[in-house]
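What follows is one structure encoded as structure tokens, with my remarks underneath.
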Amino acid sequence: MQQNHQEMRSTPCNVCDGTDVSVLANHSRSGKPLRTVICNDCGLVWADPLPHNPRSYYEDDYRVEYKGTFTPKPKHILRAGKVALYRRKLLGKWIAQPKKILDVGTGGGEFAYLLKSLGHDVSGIEPNKGYAEFSRQEYGLNIQVGFIQDIQQPDESFELITIWHVLEHTENPCDVLTKLHALLKPQGILVVEVPTIEAICQSPKSTFHEAHIFNFNLATLRKLGEKVGFTEVEHKISKDGANITVFFQKNAAVTTNDKKLKIPGNAEYITNIVKNHIAYKHYLTAWPYQRFLCRMSRMMSEKCAIANFVSGKQLLDRLYA
């Protein structure tokens, strides 16, 4: 793999603690400067230096920047409700019986509300004050405002923890998984879903952006779980190859040997995918046209579904029925 080192000193890799990195990109999808590096020892990809202060960004700016609102709009509730149904199917046997569950990064509360309606004892934590307050008032959910490091729960409180598209936003994923390991009961299950750096269904210029501090593939996510004491029991990849979902089981043993945390060949593998995912090749595939048609179809169906919107609860009750 051709090395592209810079004199700027990088923060140690969150998976293997290595400092040997190469630069994958220098700009985000917005065109703004964003230095993105890859660890040559394991293949973890991250923005270095951090593009923002994660605490203030996710408390105040993120939802407004990406959704244009402080609380969910009807179309956002509908979309998230449909995603919640998909996640229910994805979890399958793991939620067949009532459990004590923590949902990390609850957003507008749609998935937590579905779990509650299925008879589970659900708690959530969400850093955005507007979304957290909305989910509490609209659905009567037990939601704490804040980050997972601040959660007010004793260790070994939960049988199942879900963290959907949150880990890539965090400042230190290893610390987050360590905290979740402590919160789980022995043999408890952690479900982690993240976008994969291997995805080629999106436009090449959209690969890196400020909101995603870290970029994983299955190998690096699995290794990070092993590092803090988890064992993968199952994983699933979305049909479009955009997302990976890993089901981890809590173990007592923790991997501390740095050599065991390295993933030979993974950096070269990822770099090859990223470097070969270029615009003209992308537009010779079916992906951009399928995404456009799906977007148009979704907009039409949403317009009908929310035409007589009364409340988020009514919308979700109708959808979940």
How do the pairs read when you match residues in segment 291-315 that are within 25 Å of Ser117 (Cα to Cα) with residues anywhere that are among the aromatic types (Phe, Trp, Tyr) and not in a helix (DSSP H, G or I), using Cβ under 9 Å and keeping only pairs 6 or more apart or on different chains? Leu315/Phe309
Residue count for segment 113-146, restricted to those that are in a loop (DSSP other than H, G, I, E, B) and within 20 Å of Lys185 (Cα to Cα): 2
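Return the residues of segment 151-195 that are in a helix (DSSP H, G or I), out of contact with any Pro (no Cβ under 9 Å at 6 or more places or on another chain) and closer than 24 Å to Ala47 by Cα; say none if nothing qualifies.
Taking segment 151-195 and keeping what is in a helix (DSSP H, G or I), we get 167-169, 173-183.
Within this subset, residues satisfying the condition of being out of contact with any Pro (no Cβ under 9 Å at 6 or more places or on another chain) are 173-182.
Of everything in segment 151-195, those that are in a helix (DSSP H, G or I), out of contact with any Pro (no Cβ under 9 Å at 6 or more places or on another chain) and closer than 24 Å to Ala47 by Cα turn out to be Pro173, Cys174, Asp175, Val176, Leu177, Thr178, Lys179, Leu180.
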Answer with yes or no whether Thr220 is under 15 Å from Glu168 (Cα atoms) and of a type in the set (Val, Ile, Thr). yes
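What helices (runs of 4 or more DSSP H) lie completely within segment 240-321 and have 1 or more residues being surrounded by 11 or more Cβ atoms within 10 Å (Cβ to Cβ) and either of a type in the set (S, T, N, Q) or touching a strand residue (DSSP E or B) at 6+ places or on another chain (Cβ under 7 Å) (or both)?
Values: elements: 258-261, 266-276, 279-282, 287-305, 312-320.
Once the helices (runs of 4 or more DSSP H) in segment 240-321 are filtered for at least 1 residues that are surrounded by 11 or more Cβ atoms within 10 Å (Cβ to Cβ) and either of a type in the set (S, T, N, Q) or touching a strand residue (DSSP E or B) at 6+ places or on another chain (Cβ under 7 Å) (or both), what remains is 266-276, 287-305, 312-320.
Across segment 180-213, which residue is surrounded by the fewest Cβ atoms within 10 Å (Cβ to Cβ) among those that are aliphatic (A, V, I, L, M) and free of Cβ contacts under 8 Å to residues at least 60 places away in the same chain?
Taking the candidates together, the pick is Ala182.
Laboratory data are not the source of any read-out in this text; all were calculated from the coordinates shown. This is a predicted model, so every value here is computed, not measured. We place every Cβ from the backbone using ideal geometry, glycine too, and count neighbours over all the protein chains shown.
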